[in-house]
Amino acid sequence: MKKTLLILLSIFLFSCTEKKNNQNPELDLQTEINKIIAGKNATIAVSVNSIEDDFKIDINGNKELPLLSVFKFHVAIAILNEVDAKKLNLNQKIAVEKSDLHDNTYSPFRDEFPNGSREKTLGEVLKYVVSQSDNNITDVLIKKIGGTKIVQQTLDNKGIKNFKISANEAKMHENWKNMYLNTSSTNSLNDALKKLYDGDLLSKNSTDFLMKTMLETTTGANKIVAQLPKNTPVAHKTGASGKNDAGLTAAENDIAIITLPNGKHYAISILISDSMESEETNTKLIADISKTVYDYLIKIERK
């Protein structure tokens, strides 16, 4: 009888311990992420939101940090909003002149078509903006819809808060300070990602187009996707500033919607700013955080 009671007591205590450990999974994940970023000479913001469930965490989630090329996510939403309003059509041809293709900036389109092209459709050039992060084509499309103010207004009207878009790529390239003109909090980015997935920002056709285009992103292989299992669906948009002469990195960024093996999804936004760490350290921070989040969400789903 005593042996039976001891066994029952042990089971009860183990059950209580497990329950206690699972009472605040958000805090557990925050603790793990804080271990990764501890001691780094950088400002790091992270937000994680389950799409289907209520799970969410953030570290510095309300701090607005420079976006760099992540702002092309906002630009794409503004462009597709014009498509939904029948002001533009994904099949219409977009004229890209040689004069639009500036040197000394990242531009796969320029490398392929150094003299420009009038034969590419809006859908095709928009893929250069999102999937390949082309700076020149981004500015062509921003001009097409009336400037960065339209990008800001579009997202404002969609209920997205705590962000600012006021500079195109050309302006950001004028000087180091201008890299800080386009900003967002990671909580704001995750809000936009979740609303995109839920169909609250764009029509179904436009949502599907943008999600597919983000899944085809070729940049940032050393960031959010780096340590995830092969063939994990990751719809993401990256951003990076490089370093100035003092060794400062204004931004190393990645945002994504990731699909778990069980078919559920989560939004994750990681912004690193004002970092004196090496590029390798910055990108590995993003990769380490991403893998930690992925593994943790799988673990709690299995319980």
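Readers should treat all values here as calculations from the given coordinates under stated rules, not as data from a laboratory. It should be emphasised that the depicted structure is a prediction, and the values quoted were computed from it without experimental measurement. Note: ideal-geometry Cβ built from the backbone for every residue, glycine included; neighbour counts use all protein chains shown.
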If I ask for residues that are within 14 Å of the chain's Cα centre (by Cα) and within 18 Å of SER47 (Cα to Cα), which ones from the stretch 221-238 would you list? LYS223, ILE224, VAL225, VAL234, ALA235, HIS236, LYS237, THR238
Those residues of the stretch 247-263 that are surrounded by fewer than 21 Cβ atoms within 10 Å (Cβ to Cβ), under 20 Å from LEU65 (Cβ atoms) and touching an Asp or Glu at 6+ places or on another chain (Cβ under 8 Å) come to a total of 1
Based on what the data block shows, is ILE255 β-branched (Val, Ile, Thr) and farther than 26 Å from LYS72 by Cβ? no
Subset of the stretch 200-246 [hydroxyl-bearing (Ser, Thr, Tyr), surrounded by fewer than 19 Cβ atoms within 10 Å (Cβ to Cβ) and within 15 Å of ILE79 (Cβ to Cβ)]: SER203
All but one of (1) touching a helix residue (DSSP H, G or I) at 6+ places or on another chain (Cβ under 9 Å); (2) among the polar types (S, T, N, Q); (3) farther than 25 Å from LYS177 by Cα hold for GLN30; state the number of the condition that does not hold. (1)
When you scan the stretch 175-199, how many residues do you find that are surrounded by fewer than 19 Cβ atoms within 10 Å (Cβ to Cβ), touching a residue at least 12 places away in the same chain (Cβ under 8 Å) and not in a helix (DSSP H, G or I)? 1
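Residues are listed down the side, and each one gets a yes or a no for (1) within 13 Å of the chain's Cα centre (by Cα); (2) under 24 Å from ILE150 (Cα atoms); (3) of a type outside the set (Val, Ile, Thr):
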position	(1), (2), (3)
LYS171	no, yes, yes
ALA192	yes, yes, yes
ALA240	yes, yes, yes
ALA246	no, no, yes
